[in-house]
Amino acid sequence: MKKLLFQFDTDPVPSSFDGVVAYDGGADHLLSFPNMNPDNVEGIVHGAIFTRGGKDKQNTAIFVGGSNLAQGEALFDAVQQIFFSGFRVSLMLDSNGCNTTASAAVARITNLGSIAGKKAVVFAGTGPVGQRGAVLLAQEGAAVVLTSRKLDRAEAACAAMGDRFGVSLTPMQVSDSPSTRAALDGAQIILAAGASGIELVPEVLWRDSPSLEIIADINTVPPLGVGGLDMMDKGEVRHDKKCIGGLGIGSLKLKVHRAAIARLFEANNQVFDAGEIYALAKELA
Ligand SMILES: NC(=O)c1ccc[n+]([C@@H]2O[C@H](COP(=O)([O-])OP(=O)(O)OC[C@H]3O[C@@H](n4cnc5c(N)ncnc54)[C@H](OP(=O)(O)O)[C@@H]3O)[C@@H](O)[C@H]2O)c1
């Protein structure tokens, strides 16, 4: 029986990246649906849950993606509301790679040392990856500051993640060198999660920090999010700090993404969001 992955994308054009990884993760066929939302999903979910019986159901699974995390979460929640008793298939949320990328980043960070009780700053943490990264760092016991160029955006992201995961994140406006310095004051960990090709933390602002221990940058498009890193870094020491670059994270992200797709087809009742995908990343890191 063919393994079918339903790709529910909230964008008008489903992600080609997610499509390729679906096949590399073990799907035999991808059914891609664009512009998905809670109002148009019911009939398609019925097509997924009513067509195969018993153990055969595990050969169907659903992947929720797209560039907007809030829309992805709403769709992910709506799909679960449609499931009932045994009429369900395994389901994964990864809008813009939020869970797989953040999980890979935080697994790489925690591989370098315990972060419990330490201050972690997620720069430009308002995007899908930064929001999930902040949650995972907080769940590992770090005191997390999430920054944005606009305080209200940081506050909204912290509130949304607090509501969904019960974590407490501290919002902060960071938009220039003085505010970047203020965010770094006393911080042990940096996770830079900004948009591609934007330098958020120049080398001159972090190299002499007496407190910083670990710096991770998710961006893979020069200029990098943290100046002075190499995107291949996987724990290299620079100015006495352990560094992780975007490709150091990306290699694990791809492994995690593929493994999560493979796991979807092992049972028909799995739900993969940040916690489940992070557990997988820790296994693979
Ligand atoms: N390494 C990997 O394997 C991998 C995988 C997936 C994604 N990525 C990378 O991960 C990063 C985060 O992805 P994402 O989808 O969460 O990011 P995103 O939503 O595109 O951007 C994250 C945040 O960056 C800030 N930002 C945007 N333009 C900026 C500018 N000109 N100056 C300063 N800040 C700016 C915005 O925050 P505010 O407006 O709130 O300030 C935005 O919310 C991206 O660089 C992406 O390419 C890497």
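None of the figures in this text is laboratory data; all of them are computed from the coordinates on show. Just so it is clear, the model here is predicted, and its values are computed rather than measured. Every residue, glycine as well, gets a Cβ built from its backbone with ideal geometry; the counts of neighbours run over all protein chains shown.
Neighbouring Cβ atoms within 10 Å as the yardstick, rank M1, M232 fewest first. List each step's numbers first, then the result.
On the way: M1 10, M232 13.
The fewest-first ordering by Cβ neighbours comes to M1, M232.
Run the quick spin-label model on F84 and N68: label points 7 Å from Cα toward the beta carbon, then report their separation in nm to one decimal.
For the pair F84/N68, the computed spacing is 2.9 nm.
Pairs of Cα atoms under 8 Å, at least six residues apart: use those to get the relative contact order of segment 101-249, whole percent.
Details: 353 pairs, mean separation 31.9, N = 149.
That works out to 21 percent.
Among residues other than L205 whose Cβ falls under 12 Å from its Cβ, what is the net charge (Lys/Arg +1, Asp/Glu -1)?
Working: positive: R181, R207; negative: D176, D185, E199, E203, D208.
Taking every other residue near L205 into account, the sum is -3.
Could you check the spin-label model distance between D24 and V221? Points 7 Å from the Cα along Cα→Cβ, value in nm.
According to this spin-label approximation, the distance is 1.9 nm.
Please order C98, C243 by the number of other Cβ within 10 Å, starting at the fewest.
Numbers: C98 26, C243 23.
Sorted ascending by nearby Cβ count, the order is C243, C98.
Taking the chain as a Gaussian network, where each spring joins two C-alpha atoms under 10 Å apart, which residue of G113, G26, G227 fluctuates the most?
Top of the fluctuation ranking is G113.
If we restrict to alpha carbons, what Rg and Dmax does segment 4-93 come to, in Å?
When restricted to Cα atoms, segment 4-93 yields Rg and Dmax of 12.2, 34 Å.
For the modelled label position 7 Å from the Cα of E266 along Cα-to-Cβ, which residues of segment 72-97 have backbone nitrogen atoms closer than 19 Å?
Label zone hits: 89-94.
With respect to the cross-link table entries K150/K282; K3/K253; K2/K253; K150/K255; K119/K150; K57/K253, which display a Cα-Cα separation exceeding 24 Å? Mind dumping the intermediate values first?
On the way: K150/K282 33 Å; K3/K253 22 Å; K2/K253 26 Å; K150/K255 34 Å; K119/K150 21 Å; K57/K253 27 Å.
Long pairs (Cα-Cα over 24 Å): K150/K282; K2/K253; K150/K255; K57/K253.
Need one number: nm distance between label points at E283 and Q139, each 7 Å from Cα along Cα→Cβ, rounded to one decimal.
It works out to 1.5 nm between the two label points.
For the chain, count the residues as N, evaluate 2.2 N^0.38 Å, and divide the Cα radius of gyration by that value, please. Please report the intermediate quantities before stating the final value.
Numbers: Rg = 19.1 Å, N = 285, 2.2 N^0.38 = 18.8 Å.
Cα Rg divided by the expected 2.2 N^0.38 Å: 1.01.
Between S177 and L112, what length in nm is gained on full extension when 0.36 nm per residue of separation is reduced by their alpha carbon distance? Write out the running numbers ahead of the final one.
Values: separation 65, 0.36 × 65 = 23.40 nm, distance 2.77 nm.
My answer for the length gained is 20.6 nm.
What list do you get for V221, V41 if you sort them by fewest beta carbons within 10 Å? Could you put the intermediate results ahead of the total?
Numbers: V221 12, V41 20.
Ranked by crowding around the Cβ, least crowded first: V221, V41.
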